[in-house]
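The values are calculated or read from the model by the stated rules, or taken from the named source; none is laboratory data. What you see is a predicted model, and the numbers here were worked out from it, not measured in a lab. Please note: Cβ atoms are built from the backbone with ideal geometry, for glycine as well, and neighbour counts cover all protein chains shown.
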Amino acid sequence: PQHARWLAPAEKEWIADELERQAPQSPKRADRGAFASVVMDVRTWLAAIIWCSTLIGANGLIFWLPQVIKEMSTLNDLAIGVLSALPWVGVAIGMVANSWHSDLKQERYRHLGIALAVGTIALFLASLVSHGAVALFLLFLGGVGLGGAQGVFWSIPTAFLQRSVAAAGITLINLVGNLGSLLGPYIIGLIRARSDSFAEPIWFVAAVMASGAILISLLHVSERRLTRGH
């Protein structure tokens, strides 16, 4: 543009600045910029904590299921095997059904929040009942909720993360989520050892999942504000 004599100096400067802004960055500079952008975005952290709470909920399901099955020791091995798979059938059903309905309604946040709330309430109630069959049914419902949450979750961050920073954002969210998967069983075991109770660790899991459900509304508000801001 500097050689275009028909342009005013201000126009030449503006075009030069635009060309420089749109020019491809070096890979290292682009990676640093993408990671910094993701780290500074509150939505990424909210999504990461929600994902972490969902995975901790799955750990709670894994922890509580053997205790429920143990109370059904009069059953034969085949029946115990079938019943042990029941909550994971619920996970599969919840994942498919909630994803399908979310796509049908083109809505994500409410579907994620309700699914996580169902999982929270079901796990909490399962820790309060003494009848094995009722507890197992509640674990099935908990599986439906957890599966529904996992099926819908990733459609939210992939929608607000720009393509240029999507890889960095997904990596950060997964990193925080995997941290929850590592620490969750340790904390559950610690609470179990100190309380000598199977109920209190599940109360911890339910509290974490409830916090995740609350954060979904904050994520939705943050997304709407930033969208209006642009």
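Considering only residues that are of a type in the set (Asp, Glu) and not in a loop (DSSP other than H, G, I, E, B), look in the stretch 175-230 and name the one that is nearest to the chain's Cα centre (by Cα).
Glu223
Would you please name the residue that is nearest to Gly119 (Cα to Cα), looking only at residues in the stretch 49-93 that are without any contact (Cβ under 8 Å) to a residue 12 or more places away in the chain and hydroxyl-bearing (Ser, Thr, Tyr)?
Ser73
Quick one: would you say Ile214 is in contact (Cβ under 8 Å) with a residue 60 or more places away in the chain and not aromatic (Phe, Trp, Tyr)? Steps first, answer last, please.
Numbers: in contact (Cβ under 8 Å) with a residue 60 or more places away in the chain: no; not aromatic (Phe, Trp, Tyr): yes.
Considered against the rule, which asks whether it is in contact (Cβ under 8 Å) with a residue 60 or more places away in the chain and not aromatic (Phe, Trp, Tyr), Ile214 comes out as no.
Of the conditions (1) modelled with pLDDT of 90 or more; (2) touching a Phe, Trp or Tyr at 6+ places or on another chain (Cβ under 9 Å); (3) under 23 Å from Ser84 (Cα atoms), Pro185 clears all except one; give me its number.
(1)
Is it the case that some residue within the stretch 93-112 is out of contact with any Phe, Trp or Tyr (no Cβ under 9 Å at 6 or more places or on another chain), aromatic (Phe, Trp, Tyr) and assigned to a helix (DSSP H, G or I)?
Yes; the residues of the stretch 93-112 include at least one that is out of contact with any Phe, Trp or Tyr (no Cβ under 9 Å at 6 or more places or on another chain), aromatic (Phe, Trp, Tyr) and assigned to a helix (DSSP H, G or I).
When you go through Trp64, Trp88 one by one, which is the residue that is within 26 Å of Val176 (Cβ to Cβ), modelled with pLDDT of 80 or more and not hydroxyl-bearing (Ser, Thr, Tyr)?
Of Trp64, Trp88, the one residue that is within 26 Å of Val176 (Cβ to Cβ), modelled with pLDDT of 80 or more and not hydroxyl-bearing (Ser, Thr, Tyr) is Trp88.
Within the stretch 93-106, can one find any residue that is out of contact with any strand residue (DSSP E or B) (no Cβ under 9 Å at 6 or more places or on another chain), at pLDDT 95 or above and β-branched (Val, Ile, Thr)?
The answer is yes; a qualifying residue exists.
Of everything in the stretch 150-173, what is part of a helix (DSSP H, G or I) and either touching a strand residue (DSSP E or B) at 6+ places or on another chain (Cβ under 6 Å) or surrounded by 17 or more Cβ atoms within 10 Å (Cβ to Cβ) (or both)? Give them in sequence order.
Gln150, Gly151, Val152, Phe153, Pro157, Phe160, Ala168, Gly169, Ile170, Leu172, Ile173
Any idea which of Trp100, Trp64 is aromatic (Phe, Trp, Tyr) and surrounded by 19 or more Cβ atoms within 10 Å (Cβ to Cβ)?
Every option except Trp64 fails the conditions.
Give me the pairs: first residue in the stretch 106-120 and in contact (Cβ under 8 Å) with a residue 60 or more places away in the chain, second residue outside any helix (DSSP H, G or I), beta-carbon distance under 8 Å, and six or more apart or on different chains, which are they?
Hits for this filter: Tyr109/Ile156; Leu112/Ile156.
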